[in-house]
Amino acid sequence: MSSDQLTSTKKTDSKAYRNGKQGTLVDRNNRSTIGQPTVHDPRMSCRNVNVYYEDKHAIHDVSLDIGKNEVIALIGPSGCGKSTFLRCLNRMNDTIDICRVTGEILLDGNNIYDKNIDVVPLRARVGMVFQKPNPFPKSIYDNVAYGPKIHGLVQTRDETDEIVKKSLLKAGLWDEVKDRLDKPGTGLSGGQQQRLCIARTIAVGPEIILMDEPCSALDPIATARIEELIDELRENYTIAIVTHSMQQASRVSQRTAFFHLGDLIEVGSTNQIFLSPMHQLTEDYITGRFG
């Protein structure tokens, strides 16, 4: 569905929903999560997750499943907690001294916040692509090869060559860089740098890829290429993406979770969230009343 179709049908479908058997939208003051936060066969399961920055309570008792081979979009206004929650999924918040996380986040039935969990292999399994492309000050080849080398995934140059090529192919970058692998990764365009960072993430064999506004610094053409890539990657990976673009969320995701002031307000299929939201806050946000 195009963004124009979404815009033209939001008000009509929302009105039909309110007038139907479901009744009125959930009131703005109701902060409990509504919709479908759980799935039948989750890749990750988050239960009662709270995040504190010293005395500030940033995430409030969030429970949410991340389904296998799906793209889930985390949306909401700035400061709502969506990026904070995303960083909980591979313990990136551990790098912030004043941050404390409670609750359970299960991967293969194990709580990733258990004291016995080693975060290095965890972050290989649950990789992250950041808002601003951040290639290493190394060659294109070494950017991709770095992870497999430090994780002991390759022993020979031939093995390294194979992983580098496969990762760049999956990131849709191979044909553009195959003749200049020895050139600095920082010399690529912004969109190419972001795809290089995705290739670097793929190279260590992750199961889940976290993306924190991966297109916010890119032009429309580069953004479209990244969105196409996300759709292709879904066949082999589970992806959670934070985005401020409602159009992007509608294009790339199958499920959408709406956050507001640290609360997970509503979760459901992307079509349902955008066309028939159940919570007044969700409708207010996607129709541009705030955000």
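Values in this text are rule-based calculations from the coordinates and carry no lab data. No experiment lies behind these values; they were computed from the predicted model shown. Quick reminder, even Gly has a Cβ in these numbers, built from the backbone with ideal geometry, and neighbours come from all protein chains shown.
For the range 131-154, the residues whose backbone nitrogen is under 18 Å from a point 7 Å from the Cα of ASP179, taken along Cα to Cβ, are 140-141. Of the cross-linked pairs LYS56/LYS82; LYS138/LYS165; LYS68/LYS166; LYS138/LYS178, which ones have a Cα-Cα span greater than 19 Å in the structure shown? Over 19 Å Cα-Cα: LYS68/LYS166. Restricting the GluC sites (Glu not before Pro) of the range 53-133 to loop positions (DSSP other than H, G, I, E, B) with no more than 14 neighbouring Cβ atoms within 10 Å leaves GLU54. Only helices enter this figure: runs of n ≥ 4 DSSP H residues, each worth -39500 (n - 2.57), summed and divided by the residues of the chain, yield -10500 deg cm²/dmol at 222 nm to the nearest 500.
Rg and Dmax over the alpha-carbon atoms of the chain stand at 19.7, 65 Å.
Model label sites at ILE221 and ASP97, defined 7 Å from Cα along the beta-carbon direction, differ in position by 4.6 nm.
Equivalent ellipsoid of the range 183-278: semi-axes from √(5λ) of the C-alpha gyration tensor, largest first, are 27, 15, 12 Å.
The loop-placed trypsin sites (Lys or Arg not before Pro) in the range 125-200, going by DSSP, that have at most 16 neighbouring Cβ atoms within 10 Å of their Cβ come out as LYS138, LYS178, ARG180. Among beta bridges from DSSP that stay inside the chain, the antiparallel ones total about 55%. Given their separation in residues at 0.36 nm each and the Cα-Cα distance between them, LYS149 and VAL120 gain 9.1 nm when the chain is fully extended.
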